[in-house]
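Beneath this line is the structure, given in structure tokens, with notes to follow.
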């Protein structure tokens with residue numbers, strides 16, 4: 001797990017540099033230390049510490065985007081996703097709820113605030129990336145996903 005933390009730190013430093021100085025149309029950043037920590041050490045204190053570190057790294061990535069000189073004129077969409085859950089002892093691959101539960105968090109100009117009107121599934125992430133980039137999805141690709149459902153309107157205060 002320590003090697004993964006070092007790699008994640010290097011990836012974060014490079015991504016912060018690219019996001020702050022280049023003009024990427026899209027970017028993908030993979031941080032693997034949390035997953036590897038759970039595999040090797042389970043979902044205890046080390047796992048929670050790795051999650052806190054990954055959260056700090058995500059904060060640095062978001063700060064790099066917000067700190068861009070052209071940020072006010074740009075429209076960013078950020079999608080953060082896990083690929084699977086873990087059993088408390090570590091590991092995955094079975095069919096338990098803990099292993100099959102993963103999450104998606106997103107924000108952006110094209111993502112309405114609030115809870116979605118329907119389920120968001122992992123295959124939907126690729127479709128949403130294309131939608132956020134205003135790129136058509138070729139039906140020949142046979143993607144299983146679809147862009148994220150819109151949010152429910154938040155009721156007005158009475």
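With the structure loaded, tell me whether residue 49 is closer than 26 Å to residue 133 by Cβ, in a helix (DSSP H, G or I) and either at pLDDT 95 or above or touching a helix residue (DSSP H, G or I) at 6+ places or on another chain (Cβ under 7 Å) (or both) or whether it fails that test.
Working: closer than 26 Å to residue 133 by Cβ: no; in a helix (DSSP H, G or I): yes; either at pLDDT 95 or above or touching a helix residue (DSSP H, G or I) at 6+ places or on another chain (Cβ under 7 Å) (or both): yes.
For residue 49, the condition - closer than 26 Å to residue 133 by Cβ, in a helix (DSSP H, G or I) and either at pLDDT 95 or above or touching a helix residue (DSSP H, G or I) at 6+ places or on another chain (Cβ under 7 Å) (or both) - is not met.
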- Task: Would you mind finding the one in 91, 114, 85 that is surrounded by 14 or more Cβ atoms within 10 Å (Cβ to Cβ), outside any helix (DSSP H, G or I) and at positive phi?
- Result: 91
- Note on the structure: Filtering the stretch 59-82 for residues that are loosely packed, with under 14 Cβ neighbours inside 10 Å and assigned to a loop (DSSP other than H, G, I, E, B) leaves a count of 5
- Check on residue 14, modelled with pLDDT of 95 or more and assigned to a helix (DSSP H, G or I): yes
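Being part of a helix (DSSP H, G or I), without any contact (Cβ under 8 Å) to a residue 40 or more places away in the chain and within 20 Å of the chain's Cα centre (by Cα) is the filter here; which residues of the stretch 18-33 pass it?
18, 33
Quick one: how many residues across the stretch 117-144 are part of a helix (DSSP H, G or I), over 23 Å from residue 38 (Cβ atoms) and either more than 19 Å from the chain's Cα centre (by Cα) or in contact (Cβ under 8 Å) with a residue 24 or more places away in the chain (or both)?
Applying the first criterion (part of a helix (DSSP H, G or I)) to the stretch 117-144 yields 123-132, 139-141.
Next cut, over 23 Å from residue 38 (Cβ atoms) only: 123-124, 126-132, 139-141.
Narrowing the set further to residues that are either more than 19 Å from the chain's Cα centre (by Cα) or in contact (Cβ under 8 Å) with a residue 24 or more places away in the chain (or both) leaves 124, 128-129, 132, 139-141.
Count: 7.
The values are calculated or read from the model by the stated rules, or taken from the named source; none is laboratory data. Quantities reported herein were computed from a predicted structural model and do not represent experimental measurements. FYI the Cβ positions are ideal-geometry reconstructions off the backbone, even for glycines, and counts take in every protein chain you see.
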